[in-house]
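Note sheet for the following structure.
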Amino acid sequence: MSALEYLDQPVVVAEPCDGPHATLTMQAVVSRDQLAALVEMGGSSFEAWSRHPDEWPVELVRAFAESYMVSCDTLTIQMRAESIARLAEDGDPSDPSVQPLMQAVYRAVDRAYPQPAGSPREA
């Protein structure tokens, strides 16, 4: 099963002794940095790094963001978002390859979640 097929399945949180009762559809408002963190965590967990983030399909980027949104706590997401933003902006002196890779994660986010024309990010 591919990562995309796996991530396309609903997250099951019911215990084995308690059968599924309902499927919840959720909406969440997140920042661009938080999206980048979710996507980066998904890419790391599913070994998607065998392909450059610029090559990740939009569906995979969205699947990473959505699956990690429901499986991570908000503090983890925010802490990782701050780290990703810093690495994309300033890089890592000990590993020069990190900055372009994190910038590519942001490009993947921008492909999957384009901003409407005239939004502050587009202006």
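None of the figures in this text is laboratory data; all of them are computed from the coordinates on show. Just so it is clear, the model here is predicted, and its values are computed rather than measured. Cβ coordinates were reconstructed from backbone atoms using ideal geometry, including for glycine residues, and neighbour counts include every protein chain displayed.
Name the GluC sites (Glu not before Pro) in segment 27-76 that are in a loop by DSSP and that have at most 15 other C-beta atoms within 10 Å, would you?
Working: sites: 40, 47, 55, 59, 66; in loops: 47.
Those satisfying the criteria are 47.
Place the peptides 101-108, 89-96, 23-30 in order of packing, highest mean first, counting for every residue the other Cβ atoms within 10 Å and averaging per peptide. Please report the intermediate quantities before stating the final value.
Values: 101-108: 20.1, 89-96: 10.4, 23-30: 8.2.
The packing order, highest mean first, is 101-108, 89-96, 23-30.
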